[in-house]
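K.L.:
Quick one: the structure is below, and I'll ask about it shortly.
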C-alpha cells in the first residue's frame, strides 16, 4: 500500500460508514460498545490443536441427530426441521458454505448445509435452524441471532458428549468455530478504532494509526498488513463482528450453566422482539468491557499430544 493510498483511507471509511448506517443500523449506532467488548479480548493461542478426520455420518443421520437435540429444546423445533427437509427447504451442497439463502421473513428461503459427511453437518443444521426459529418481521438483529445460534452450537456439543462422541471429535468441531473467531477478532481490533475515530471526530487516519500502534498488542508491521488488506478489499468486512461478538455473548451465557429450557427461553424472547429481556438473560449484570473474559486464550485448544491422531 503506497503512502498515497494510506491517506485515501479516511474517504474510503466514510463511504463505508454511509453503507453501514443503511445496511446495519445496529453496528452504526453501537459501534463504540462493540469495540468496548472486543478491544481487550485475548487472541486465542494455537497450541494443543487436534488434527485428523471426523467420523463419517450420513445426511440422514445428521438430520436425526440435530432433530433429537432440537426436540429436547421444544418439540415444535424438531417438527419444523423435519418439515423443512421434507419440503426441500433444507438442502446439502458440496460446494456452498452453510447459510440461509433468500428471505426468512417472506418465507422464500433455503437452508444450505455444506455436505461434509461428518458431525459438522449436524452442528451446522442446528446453527442455521435457530436463525429460522428466531428471525421474524420485527427482529432481524445479526448479532443476537448469531449469539443464539452459537449458544446452540456449544450446547449441541454437550449433547454430543452425552451421545458418547469422543472429545477429540468435539474438539475438532470447536476449532472449526475458533479459526473464524480468531481471524475476525484480529481484523476488528485493528479496524474498528479507525472507523470509530472517523465516525465520531473525523480525525486523520495517521493520528489514529499512531495511537493504535501504542494501545494495542499489534506491531506497526501487523497493523499495516491489515490496512493493506482493507485497502484491497471491495467491502469493509466489518460484518464479521456478528460472529465475534456473538461468540463472546454466547460464552457469557454459557458461563451460567444454562439448560435447554433456557436456550428456548432466549430464542423465544428474540423471536418476540423482547430485546431488553433478551439482553438481561444473556448478559446479566456483567459490564460490557468485561465480557471478553469468558473467552480465554486457550478456548480452542484441547488434547495433549498423546491423544492427537496422526
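K.L.:
Compute for the stretch 1-151: radius of gyration divided by Kirkwood radius, i.e. Rg/Rh, restricted to C-alpha atoms, rounded to two decimals.
P.N.:
Dividing the radius of gyration by the Kirkwood radius yields 1.06.
K.L.:
With each run of n ≥ 4 DSSP H residues scored as -39500 (n - 2.57), what mean residue ellipticity at 222 nm is computed for the chain after dividing by its residue count and rounding to the nearest 500 deg cm²/dmol?
P.N.:
That comes out to -20500 deg cm²/dmol.
K.L.:
Next up: Using the per-residue mean of other Cβ atoms lying within 10 Å as a proxy for protection, in what order, highest first, do the peptides 254-263, 34-43, 120-129, 233-242 fall?
P.N.:
Per-residue mean Cβ counts within 10 Å order the peptides as 120-129, 34-43, 233-242, 254-263.
K.L.:
Hey, another quick one. Could I get the Rg over Rh figure for the stretch 86-134? Both from C-alpha atoms, Rh via Kirkwood, rounded to two places.
P.N.:
0.95
K.L.:
Dimensions of the stretch 226-309 along principal axes (Cα, Å, largest first)?
P.N.:
Over the stretch 226-309, Cα extents along the principal axes are 44, 42, 24 Å.
K.L.:
Turning to a different aspect of this structure: Please quote Rg/Rh for the chain to two decimal places, taking the Kirkwood radius as Rh and restricting both calculations to Cα atoms.
P.N.:
0.98
K.L.:
Please state, as a whole number in µm²/s, the translational diffusion coefficient that the Stokes-Einstein equation yields for the stretch 88-171 at 25 °C and 0.890 mPa s, with Rh defined as the Kirkwood radius across alpha carbon pairs.
P.N.:
Answer, rounded: 180 µm²/s.
K.L.:
Still on this structure, please answer the following. Based on the Kirkwood radius over alpha-carbon pairs, what is the Stokes-Einstein translational diffusion coefficient of the stretch 152-205 at 10 °C with 1.306 mPa s viscosity, in µm²/s?
P.N.:
The calculation lands on 115 µm²/s.
K.L.:
Which angle from 0 to 90°, rounded to the nearest 10, does the C-alpha axis of helix 241-254 make with the longest principal axis of the chain?
P.N.:
Compared with the principal axis, the helix lies near 50 degrees.
Every read-out reported here was derived from the displayed coordinates using simple, explicitly stated rules and does not represent laboratory data. If you're wondering where the values come from, they're calculated on a predicted model, not measured in any experiment. Neighbour counts run over all protein chains shown; Cβ positions are idealised from the backbone, glycine included.
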